[in-house]
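In what follows, a single structure is set out as structure tokens and then discussed.
No lab work stands behind these numbers, since they all come straight from the coordinates. As the structure is a computational prediction, the values presented were derived from the model and not from experiment. Positions of Cβ are generated from backbone atoms using ideal geometry, with glycine treated the same way; all protein chains shown enter the neighbour counts.
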């Protein structure tokens, strides 16, 4: 699941070296903390948060197959 998120994020940013994705595993939930460079934060969030919402939707559908809940947090 982390691979899918990493692929999406790396294709959106300019500074690929600054991308860090931390996975915090729980019993029934997974939290992904995504850190990107300050200049790339706007590209990840998108206008009015639409792109961030879309990324979260894709990850929730992937997590649904594994019977887990997922949340994605974007950290600047």
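Just to be sure I understand, how many residues within region 41-57 are surrounded by 14 or more Cβ atoms within 10 Å (Cβ to Cβ) and either touching a helix residue (DSSP H, G or I) at 6+ places or on another chain (Cβ under 9 Å) or over 21 Å from residue 16 (Cα atoms) (or both)?
Here the count works out to 7.
Regarding residue 27, is this residue more than 10 Å from the chain's Cα centre (by Cα) and assigned to a loop (DSSP other than H, G, I, E, B)?
When the stated conditions are applied, residue 27 passes them.
Taking residue 9, is it touching a helix residue (DSSP H, G or I) at 6+ places or on another chain (Cβ under 9 Å) and not in a helix (DSSP H, G or I)?
no
Filter region 27-40 down to residues that are exposed (fewer than 13 other Cβ atoms within 10 Å of the Cβ) and either touching a residue at least 60 places away in the same chain (Cβ under 8 Å) or closer than 14 Å to residue 72 by Cα (or both), then give me how many there are.
Of the residues in that region, 1 qualify.
Test of understanding: among 22, 53, 43, which residue is without any contact (Cβ under 8 Å) to a residue 40 or more places away in the chain and not in a helix (DSSP H, G or I)? Before the answer, list the steps.
Details: 53 fails: not in a helix (DSSP H, G or I); 43 fails: not in a helix (DSSP H, G or I).
Going through 22, 53, 43 in turn, the sole match is 22.
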